[in-house]
1. For the pair Val368/Arg106, report the inter-label distance in nm, with labels modelled 7 Å from Cα in the Cβ direction.
2. With the calculation restricted to Cα positions, what are the radius of gyration and Dmax of the chain in angstrom?
3. I want to check the label-to-label distance for Glu49 and Lys276. Put each point 7 Å from Cα in the C-beta direction and report it in nm to one decimal.
4. What's the percent breakdown of Cα-Cα distances in region 230-329 across 5 Å bins, shortest bin first?
5. To the nearest Å, what is the center-to-center distance of region 344-402 and region 22-63, using C-alpha atoms only?
6. To the nearest 0.05, how large is the calculated FRET efficiency for Thr132 and Ser153 if R₀ is 30 Å and r is the Cβ-Cβ distance?
7. Multiply the residue gap between Gln162 and Asp225 by 0.36 nm, knock off their C-alpha separation, and tell me the result in nm, one decimal place.
8. Within straight cross-link reach of Lys207, meaning Cα distance under 18 Å, which aspartates and glutamates are found once same-chain residues fewer than 8 apart are removed?
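What follows is calculated from the coordinates using simple rules that are stated; it is not laboratory data. Keep in mind it's a predicted model, so treat the numbers as computed, not measured. FYI the Cβ positions are ideal-geometry reconstructions off the backbone, even for glycines, and counts take in every protein chain you see.
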Amino acid sequence: MSPMIRLCILTSPAYPMRTNRPDKCLDDYDLVIIGGGCSGLSLATAICELAKTPEHVPQTLIIEPRSYYTDDRSWCFWERKGGIHSKLIEKSWSAWEFSSNTLSHRHRSDKGWKYHYVPSIRFYDHAEKLLTQNPKMTLLVDSCVSDIFPVVSGIEVEIESQVTSTYPRKRKIAAQQIVDTRIPEGVDFSDATLKQVFFGFEVKTNKEHQFDDVALVMKDMRVDDKGFLFDYVLPFGRDSLLIELTRFAADYMPPESLRDGALELVKRVCGNDDFKIIREESGVIPMGMQYSVEPADTRWIHAGIGVGAARPSTGYAFKRIQQWANHCAKGILLKGNVEQFSSNSALLTWMDNIFLRAIRENPSLAPVLFMSLARGVHPDSLLRFLTDIPSKRDLLAIIWSLPKLRLIQCALGEICARIRTGRREQAWFR
């Protein structure tokens with residue numbers, strides 16, 4: 001329920017990016033990955049980790065426009081003990097809390113679930129080390145794709161690069177398959193039912209703070225004249241915190257518009273001058289998009305946020321991206337085929353859409369909905385729902401805990417909207 005993926009701008013120190021073998025770039029590749037962010041690097045590292053030997057790795061080029069990494073975002077997710085991401089985790093919490101007005105609900109799992117924090121720089125560093133060790137992986141930075149031309153024998157990719165004086169500024173390469181992590185043409189995040197907008201600071205306090213070792217994933221849920229908002233506070237240590245202000249907005253809001261509010265929040269938490277800002281992060285996450293990106297060529301697929309990597313009702317994406325990356329890597333290594341993101345189940349999508357529609361139409365209902373879930377659903381049932389693996393009993397518990405009348409009205413509205421959309425599509429088809 002807290003921001004899961006960070007599409008961020010940071011003011012942290014730059015981290016030099018090691019470019020693998022830039023002067024040895026080939027003309028032909030088995031696989032080209034456009035974008036060396038979370039989705040692109042997750043796929044590349046999954047291929048390296050799952051391949052039986054380095055020789056089994058396909059000749060791969062990752063094209064990344066940045067010239068260096070910064071600690072530019074943080075990813076959080078719930079997972080049980082022994083998860084595949086343990087080497088990336090910097091901090092974990094065994095308890096998490098939801099609060100509104102004077103009420104709070106603290107959750108713990110009976111099944112070993114914890115809330116985990118991954119700083120992006122740790123993820124980037126891990127990925128770069130793996131790629132550097134594999135001779136068939138090339139990370140080309142300061143570069144972007146200007147055009148793509150599918151042909152019978154493969155796919156031609158036109159690259160513009162600023163890597164070195166000896167590397168051509170413009171060149172064409174051939175790829176057998178492409179995984180494109182850019183936002184597809186035709187996908188407009190302003191069409192999302194809601195936008196999760198956040199701005200936050202990682203701070204060092206001059207004295208020990210008073211928080212328990214609990215992830216405050218939705219703190220002080222409230223509504224003002226601009227809609228629903230809440231605080232997000234992660235205590236890293238006795239003198240270190242991540243503090244964010246988050247809004248669910250029907251219309252686009254620039255994250256920078258939350259800066260002053262986020263800074264006031266930090267001052268309230270830490271004291272007016274009793275802290276030092278280490279870094280900042282901000283972003284917008286689409287919630288409730290109708291994705292319909294079907295590849296015109298099965299050799300060229302899209303991945304990432306632009307094709308539904310984030311869970312519609314929460315914005316959670318990191319764990320879903322890792323699951324897709326492992327699935328896609330296995331498809332490449334075993335069958336030689338790239339694999340698209342799996343669609344959300346129809347039932348979960350429908351439930352998410354009703355939930356988001358209710359909040360969009362009546363923001364004051366949001367604290368009631370979230371607190372009803374926190375109060376009325378067992379933590380493990382709620383976690384299975386949030387991580388896309390609910391049982392029928394979990395779904396019944398979710399439905400039973402929520403106020404019925406308003407959600408029934410939104411469900412009817414969602415059905416009518418689907419009927420109208422279907423009619424438009426049929427008219428277009430004719």
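1. Result for the modelled spin labels: 2.8 nm.
2. Cα radius of gyration and Dmax of the chain are 22.3, 69 Å respectively.
3. Modelled inter-label distance: 3.4 nm.
4. For region 230-329, the binned pair fractions read 2, 10, 16, 17, 15, 13, 11, 8, 5, 2, 1, 0 percent.
5. With region 344-402 and region 22-63 each reduced to a Cα centre, they are spaced 38 Å.
6. Details: r = 31 Å, r/R0 = 1.03.
In this case the efficiency is close to 0.45.
7. Gain on stretching Gln162 to Asp225: 18.0 nm.
8. The reachable aspartates and glutamates, counting only those whose Cα sits under 18 Å from Lys207, are Asp239, Asp273, Asp274.
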